[in-house]
Amino acid sequence: MDQSKTPVLDALAAYHESGQTPFTPPGHKQGRGADPRVRAVLGDAVFRSDVLASSGLDDRTFSHGVVEEAQKLMADAVGADHAFFSTCGSSLSVKSAMLSVAGPHEKLLVGRDAHKSVVSGLILSGIRPVWVDPQWDPERHLAHPPSAEAFAAAFAEHPDARGALVTTPTPYGTCSDLGAIAEVCHRNGKPLIVDEAWGAHLPFHPDLPTWAMDAGADVCVTSVHKMGSGLEQSSVFHLQGDLVRPEVLKSREDLLGTTSPSVLVYAALDGWRRQMVEHGKALYDDALALAADVRERIAGIDGLRLQGREEFCGPGRAADMDPLQVFVDISAWEVTGYRAADWLRRHHRINLHVADQRRISAQLTHADDTETTGALLAGLTDLAAHAPQLRTGQPVDVPSPSGLRLEQAALPRDAFFGPTEQVPWEQAEGRIVAEMLTPYPPGIPAALPGERLTKAVLRYLRSGVDAGMVVPDAVDTAVTSVRVVREDT
């Protein structure tokens with residue numbers, strides 16, 4: 001296909017040039033009705049290009065096939081059979097993929113390091129999760145994606161499972177051996193879904209980890225706004241093979257998706273695909289060289305322990321790592337990542353990616369340059385000088401790997417929608433949790449609906465919040481109380 005074409009962008013330009021007069025939503029009528037104070041912040045161009053997809057960008061019947069052609073170009077660009085755009089983020093896309101493979105009360109193998117959006121999909125669908133344990137690194141208190149052997153063992157124990165879902169790369173940039181996992185799934189005649197939200201850029205440079213379609217996955221979900229040039233909420237999910245039918249995947253997306261998709265998001269997706277096809281290799285040549293230089297400079301700052309492929313990859317750990325995710329262990333300072341991230345934002349106006357009990361990270365992309373990374377390095381150097389002042393004496397009680405693993409005592413849907421009550425956290429041990437308790441970022445639930453709470457996980461969350469952890473999805477975000485399933489008396 002002619003990858004120089006941008007059907008959505010071209011249709012939007014034609015809409016502007018033709019002088020259309022809309023008597024349809026959006027009600028601001030291309031900004032004419034927007035408050036000037038809002039336009040002063042957002043800009044006129046945002047409102048001007050915020051038009052309807054039908055009876056706007058395209059005609060009432062979509063006869064011009066603008067979005068359909070853009071999706072075909074996207075699939076062709078990355079070597080998939082089909083591509084579908086979503087303006088509701090990968091949080092919706094992954095749910096569409098799950099519902100295409102399994103239904104209520106059917107089993108789906110799921111890596112327990114899944115994002116909260118996957119858990120939301122389990123709650124809404126009534127799918128019965130069969131959890132596949134990640135590969136735990138007890139020294140670094142870090143979970144790497146589950147191994148192919150773990151998925152093989154899960155299929156052997158649950159041959160009626162309808163498929164498998166794995167998250168790779170993780171928010172820590174670590175990747176599973178997708179080729180081996182896909183082989184396990186296909187040997188059992190079942191599809192593999194990959195939540196590759198952090199990997200939209202992977203198809204466009206050979207020195208990045210292998211992307212899901214090349215590894216043989218059946219459905220792959222990507223968030224273009226995370227590592228690409230898409231606007232927030234832009235997602236693409238890809239399909240290949242015949243284990244999941246395209247019409248089924250499309251109908252599930254239609255069930256969950258908005259009937260008012262953002263043309264702004266579509267247009268940015270369209271332009272990003274062309275940018276990557278035409279310039280992606282050169283852009284990532286530069287980005288990877290810049291990342292290598294940043295890593296070398298960080299390694300020279302006292303007290304910072306750089307964590308990359310050498311530490312995160314190998315037997316019993318990850319199969320690969322995205323070098324654009326720069327992780328630094330600061331535990332030698334006895335300072336939490338939460339505290340360090342807050343200090344950098346306050347004193348250097350630097351916003352970090354993941355911050356946990358012992359690490360901070362910077363996400364680099366093709367958009368970074370020596371100016372942005374120079375600010376980062378200056379901030380980290382200053383942080384090192386102020387580290388002694390940031391010690392709080394509030395350690396986070398991180399359990400052992402076995403202590404983090406909770407019993408799934410009820411279906412997520414049953415626990416979430418069943419009768420519940422709020423109890424003090426000290427009284428929640430042994431109770432079945434009815435909400436997600438998710439340190440964020442990275443957004444992986446420490447406890448999810450239907451799991452039985454333990455003292456170790458409760459103390460982890462409480463000590464974490466005291467040290468600066470954020471648990472935004474809890475009813476009580478301070479986790480002084482917990483929503484649990486009500487017990488009959």
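Computed from the coordinates by the stated procedures, all read-outs in this text should not be read as laboratory data. Note that the structure is a prediction, hence the values are computed from the model and not measured. Counting neighbours? That spans all protein chains shown, and the Cβs are built from the backbone with ideal geometry, glycine included.
General observations
- Taking label points 7 Å from Cα along the Cα-to-Cβ direction, Asp302 and Glu17 give a separation of 6.3 nm.
- Full extension of the chain between Leu231 and Asp414 gives 62.4 nm of extra length, using 0.36 nm per residue less the Cα-Cα distance.
- Under 16 Å from the Arg486 label point (7 Å along Cα→beta-carbon), backbone N, the range 423-452: 423-424, 432-435
- Extension reserve of the Lys72-Asp214 stretch, reckoned as 0.36 nm per residue once the Cα distance is removed: 49.4 nm
- Modelled spin-label separation between Ser251 and Ser55, with each label point placed 7 Å from Cα along the Cα-to-Cβ direction: 2.7 nm.
- Taking all C-alpha pairs of the chain, those more than 35 Å from each other amount to 37 percent.
- For the pair His158 and Lys29, label points projected 7 Å from Cα toward Cβ lie 5.5 nm apart.
- Whether the range 401-485 is rounded, prolate or oblate, judged on the alpha carbon gyration tensor where a/c under 1.5 counts as rounded: rounded
- Subset of Lys95/Lys190; Lys116/Lys281; Lys116/Lys250; Lys72/Lys250 violating a 21 Å alpha-carbon distance limit: Lys116/Lys281; Lys116/Lys250
- Treating r as the C-beta distance of Arg37 and Arg345 and R0 as 30 Å, the FRET efficiency rounds to 0.70.
- All Cα-Cα distances of the range 65-268, cut into 10 Å bins from zero to the largest, leave 9, 39, 38, 13, 1, 0 percent in each bin in turn.
- Gain upon complete extension [Thr372, Glu106; 0.36 nm per residue less C-alpha separation]: 91.0 nm
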